[in-house]
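Each remark here refers to the structure printed beneath this line.
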Amino acid sequence: MNQDQSSISPQTERTVGEKAIETRYVGYCDILGFSNRILSDFENTLEAYKEFGELLSSLPSKGVELTMYSDAVLVTSDSLAPVLSVVQNLWFCALVHDLMLRGAITVGKYWELRKGNHMLVASDALARAVMLERSVGIPAVVISDDIEIPDALWTLRFVSGPFGTPVLHFRDRNIVNPFNYMWGVSAHDRVSRLMNASPAHKDKYLWFLSLYEAVRNGRELIPAEVFARFVREGILKPRPTQPNQEF
């Protein structure tokens with residue numbers, strides 16, 4: 001089994017002033033469509049935004065710091081699993097309001113100083129997360145390739161099903177699962193309506209709907225090399241011959 005990076009404690013490399021430079025997992029998410037809505041319908045969009053904020057404040061966030069400003073959400077933790085969990089809940093909040101996310105999760109150096117109403121942040125992980133988010137042309141929160149996903153998260157796919165794991169592998173990317181047990185068919189229907197209302201972004205919506213179909217049809221959605229290793233080690237059984245059968 002691979003070492004579970006989500007259990008690694010932050011490493012203090014040195015200090016700047018009174019604050020230590022830590023190693024943290026950083027998730028940076030953009031709420032797609034929010035800026036256009038705030039410009040075209042400020043009052044109604046503000047009410048939805050307040051509800052979004054209330055939902056976020058009610059999320060279990062032990063060991064996680066979450067900051068929201070306009071259409072951007074910053075999630076940081078010294079462990080990977082809590083960041084994945086919060087981002088998965090962000091997806092739920094976004095889809096409730098017919099919004100979608102695009103973002104990235106990275107790991108690296110992080111320095112933060114809070115004084116009164118002010119917060120200073122310097123982080124190579126955040127800088128890389130912002131750059132990676134900008135390069136993502138699909139509605140997904142991708143996980144940087146240099147982050148090793150613990151085996152426990154991949155095997156969770158086969159224990160709890162594709163709606164019960166926070167991470168999926170789809171079309172050569174590791175991504176945060178935007179679905180959950182209560183939010184499968186409804187998410188599909190909402191995104192279908194969004195696509196019909198915004199045909200200019202049809203390709204992006206079709207990508208998301210293809211992901212939904214892969215989840216619904218019981219695709220493994222883990223890297224092929226990881227699946228092959230699990231079979232060799234007896235963690236999983238070989239694929240059945242029947243199509244679309246879950247393990």
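Where a number appears in this text, it was derived from the coordinates with a stated rule and is not lab data. None of the values given here were measured: they were computed from a predicted structure. When we count neighbours, we look across all protein chains shown, and the Cβ atoms used for this are built from the backbone with ideal geometry, even at glycine.
Membrane-span-like helices in the chain, defined here as complete DSSP H runs extending at least 20 Å along the helix axis by their C-alpha atoms with mean Kyte-Doolittle hydropathy no lower than -1.0, are 42-57, 80-96, 202-216; this is a sequence and geometry rule, not a statement about a membrane. Annotation: for a label point projected 7 angstrom from Cα along Cα→Cβ of K19, residues of region 97-138 with backbone N closer than 15 Å are 109-127. Given R₀ = 30 Å, FRET efficiency for E43-A214 by Cβ-Cβ distance, to 0.05? For R0 = 30 Å, the calculated efficiency reads 0.20. Computing FRET efficiency as 1/(1 + (r/R0)^6) for V121 and D189, where r is the C-beta to C-beta distance and R0 is 41 Å, gives about 0.60.
Amide H contacts for A140 (H built 1.01 Å from N in the peptide plane; partners 5 or more residues away or on another chain; cut-off under 5 Å): G103. For region 33-129, the relative contact order works out to 18 percent when only alpha carbon pairs closer than 8 Å and six or more residues apart are counted. What is region 111-247 by shape, rounded, prolate or oblate, if you read a ≥ b ≥ c off the alpha carbon gyration tensor as root eigenvalues and call it rounded for a/c under 1.5, prolate for a/b larger than b/c, and oblate otherwise? Oblate, since a/c reaches 1.5 and b/c is not below a/b. Scanning the chain for GluC sites (Glu not before Pro) in DSSP loops with at most 10 neighbouring Cβ atoms within 10 Å leaves 19-232 as the longest stretch between them. The value of relative contact order for the chain, using C-alpha pairs under 8 Å at least six residues apart, is 18 percent. Spread over its residues, the convex hull of the C-alpha atoms of the chain is 136 Å³ per residue.
Exposure here means at most 13 other Cβ atoms within 10 Å; with trypsin sites (Lys or Arg not before Pro) in a DSSP loop as sites, the longest stretch of the chain lacking them is 63-170. From the residues L101, L113, I21, which one has its Cα farthest along the dipole of region 5-232 in the positive direction, the dipole being from +1 and -1 charges on Cβ of Lys/Arg and Asp/Glu about the Cα centre? Highest projection toward the positive end goes to L101.
Averaging Cα coordinates gives a centre for region 213-239 and one for region 188-211; these two points are 27 Å apart.
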